[in-house]
Every structure is written in structure tokens, then in C-alpha cells.
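The values are calculated or read from the model by the stated rules, or taken from the named source; none is laboratory data. Owing to the predicted nature of the structure, the values given are computational and were not obtained by experimental measurement. Cβ: placed from backbone, ideal geometry, glycine included. Neighbour counts: every protein chain shown. Keep in mind that these areas ignore ligands, DNA and RNA; they rest on the heavy atoms of the full protein, side chains included. Shrake-Rupley method; radii C 1.70, N 1.55, O 1.52, S 1.80 Å.
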Amino acid sequence: MVFKNIVIAYDGSENAKRALDVAIDLAKRYEARLTIIEVIDTSVLVGMGLGPIPSEVINEMYNKAKKDVEEAKEKAINSGVKNVEAVNIEGDPATAIMDYAGKAGADLIVTGSRGLSTVKRIFLGSVSSRIVHEAKIPVLVVK
């Protein structure tokens with residue numbers, strides 16, 4: 001199978017960084033487009049009973065996500081990937097990643113086995129588990 005359009009779910013965690021390395025390797029090997037996507041999930045704060053959420057906290061989440069994907073994009077470019085995009089979107093991480101991958105015509109989703117959403121994972125299951133079970137395209141989970 002040849003991959004031409006790879007989406008990596010990224011959050012800056014150590015597992016995500018390992019997954020990024022694999023996605024970069026695949027993108028170079030197949031000369032594929034690589035989209036690095038980080039989802040901003042503000043609902044996790046509300047779920048923890050932290051409402052109303054100060055705008056500074058939300059801005060900090062957006063700034064962290066933007067910094068994460070820009071650093072990952074720079075790493076991919078410096079590693080020789082020619083077609084790289086960095087994207088931030090808001091929503092439920094698993095749903096947003098799968099929706100984005102579908103709309104972008106991706107043929108592979110790469111994700112780390114565990115990210116930063118510890119509290120949410122306890123209640124809802126991990127993002128990677130949901131993607132594996134619900135995605136319509138191949139999913140590579142990097143441990």
C-alpha cells in the first residue's frame with residue numbers, strides 16, 4: 001500500500017513525538033503530503049467543573065496547540081518532507097481528527113498510543129482507541 005496523504009494526530013506529548021517521527025519517515029518514503037493536526041478540546045475543562053473558563057486559559061490552550069504543530073512542521077520540513085501543513089481545530093479530538101482526515105482525503109492516520117487527555121481518557125477511552133475503532137481508513141498507532 002502506498003500512502004499519499006497522511007494525517008498525524010499531535011499534541012506535543014512524548015508519544016505524539018514518537019508518532020511524528022514515524023509519520024515523517026512514511027511521508028518521506030512515499031513522498032506523501034503530511035498534515036499535523038492538534039485538536040483544542042476546551043470541553044475537558046468544563047467536564048472538570050472549571051467553569052466559567054477564563055479567556056486566558058483558553059488562549060493558552062490555543063497558543064500551546066499552535067506552537068506544538070508549528071514546531072512539528074519545522075521538524076518535518078527539516079527532515080526532508082516537502083509537503084507539510086500544520087492545523088489546529090477545536091472539538092472532540094477523535095471526532096475532529098477523523099472528520100478532518102475524511103474531508104482532506106487522507107489515506108492514513110498516525111497517532112500516538114496515549115496523549116495528554118488523561119482525565120477524559122479515564123471516562124471516555126483514549127483518543128487513539130476511538131480512532132482505531134471508528135476510522136474508515138488505516139490507522140497506525142505508535143507506542
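Which of the following residues is under 25 Å from Glu134 (Cβ atoms), part of a helix (DSSP H, G or I) and either open to solvent by 80 Å² or more (accessible area, probe 1.4 Å) or touching a Ser or Thr at 6+ places or on another chain (Cβ under 8 Å) (or both): Ala23, Ala19? Steps first, please.
Values: Ala23 fails: either open to solvent by 80 Å² or more (accessible area, probe 1.4 Å) or touching a Ser or Thr at 6+ places or on another chain (Cβ under 8 Å) (or both).
Answer to the check: Ala19.
Modelled with pLDDT under 95 and out of contact with any Lys or Arg (no Cβ under 9 Å at 6 or more places or on another chain), is that true of Gly112?
no
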* Of the residues Ala65, Ala72, which single one is among the small types (Gly, Ala, Ser), modelled with pLDDT of 95 or more, buried (at least 16 other Cβ atoms within 10 Å of the Cβ) and touching a helix residue (DSSP H, G or I) at 6+ places or on another chain (Cβ under 8 Å)? -> Ala72
* Which is within 25 Å of Ile6 (Cβ to Cβ), in a helix (DSSP H, G or I) and among the charged types (D, E, K, R), of Lys82, Lys66? -> Lys66
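If a residue has to be modelled with pLDDT of 85 or more, surrounded by 14 or more Cβ atoms within 10 Å (Cβ to Cβ) and not in a strand (DSSP E or B) to count, how many in the stretch 35-61 make the cut?
Total meeting the criteria: 2.
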